[in-house]
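The values are calculated or read from the model by the stated rules, or taken from the named source; none is laboratory data. On a predicted model such as this, the values are computed, not experimentally measured, just so you know. Note that we place each Cβ from the backbone using ideal geometry, even for glycine, and neighbour counts take in every protein chain shown. The accessibility values were calculated without ligands, DNA or RNA, using every heavy atom of the protein model including side chains. Shrake-Rupley method; radii C 1.70, N 1.55, O 1.52, S 1.80 Å.
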Amino acid sequence: MKEKLLRIWRWWRRPSRLALGTLLILGFAGGIIFWGGFNTAMEMTNREQFCIGCHEMRNNVYQEYMQTVHYNNRSGVRATCPDCHVPHEWGPKMLRKLQASKEVYAKIFGLIDTPKKFEETRIELAQNEWRRMKNNNSQECRNCHNFDYMDFTAQKTVAGKMHKKAVDEGKTCIDCHKGIAHHLPDMKDQPNGF
């Protein structure tokens with residue numbers, strides 16, 4: 001047995017075309033396994049059940065969201081937490097995941113672990129999300145709601161007028177639709193978007 005191990009060790013240490021090929025094959029297979037595991041982990045954290053896994057989300061913003069048209073509506077189309085809060089494209093998604101690590105930190109160290117603490121930071125959390133959405137032209141909204149495909153004449157008069165005005169002024173969804181899926185924080189010092 002010892003001799004067999006020595007022979008394998010010598011073969012492994014001796015440079016040859018076979019050793020290089022083996023190394024490339026093992027590296028390629030390892031890369032595929034790593035990428036598959038990484039991608040699976042990213043997709044697992046992109047599910048609503050993961051988002052509401054902590055009571056801060058489940059008992060606060062998720063309860064609010066359940067009362068909106070994005071949760072329950074006549075067409076049965078439902079937007080989940082990741083649909084609105086995580087970009088679909090790989091690069092922006094990874095950036096958002098890194099930003100979300102700050103939220104995980106707040107969860108772990110108890111910075112928002114009570115409804116009172118959550119409400120105290122709600123405006124800051126909301127402003128961070130609004131800024132992100134403004135910077136990416138409300139891309140997550142536009143995955144479902146796109147000005148290019150809206151028939152303003154088929155909308156209620158005020159909605160059609162405001163959507164046309166938004167297009168003309170280069171506005172994005174979040175400019176006017178803050179609080180569409182969650183209760184608004186204290187907005188006395190915030191512009192309303194109209």
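The base-10 log of I(q)/I(0) for the range 1-45, evaluated at q = 0.17 Å⁻¹, reads -0.63 [Debye formula, identical scatterers on Cα atoms, solvent excluded]. What the chain shows is 74 Å² of accessible area per residue, with the surface traced by a 1.4 Å probe over protein heavy atoms. Here the chain has 62 percent of its accessible surface on carbon and sulfur atoms, given a 1.4 Å probe and all protein chains in place.
Available extension along the chain between Met94 and Ala41 is 17.9 nm, counting 0.36 nm per residue and deducting the alpha carbon span.
Gyration tensor analysis over the Cα atoms of the range 52-95 returns equivalent ellipsoid semi-axes of 21, 17, 6 Å (largest first, whole Å).
Derived scalar couplings between HN and Hα for the range 166-179 equal 4, 5, 4, 8, x, 7, 10, 3, 5, 4, 10, 9, 5, x Hz in order, rounded to whole Hz, by the Karplus curve 6.51 cos²θ - 1.76 cosθ + 1.60 (θ = phi - 60°), x for Gly and Pro.
Between the range 29-83 and the range 91-113, how many Å separate their Cα centres? If we compute the Cα centre of each part, the gap is 14 Å.
The simple Förster model, with R0 at 35 Å and r as the Cβ-Cβ distance, assigns Thr153 and Leu184 a FRET efficiency of 0.70. Placing dummy labels 7 Å off each Cα toward the beta-carbon, the span from Phe109 to Cys176 is 4.0 nm. Of Leu26, Leu98, the residue with the largest accessible area leads and the full order is Leu98, Leu26 (1.4 Å probe).
In this rough spin-label picture, where each label sits 7 Å from Cα along the Cβ direction, the Lys134-Phe34 distance is 3.9 nm.
For the chain, the fraction of C-alpha pairs more than 29 angstrom apart is 42%.
With respect to the chain, whose longest principal axis is taken over its alpha-carbon atoms, helix 17-44 is tilted by about 30°. Computed from Cα atoms, the angle from the helix 115-135 axis to the main principal axis of the chain rounds to 80 degrees.
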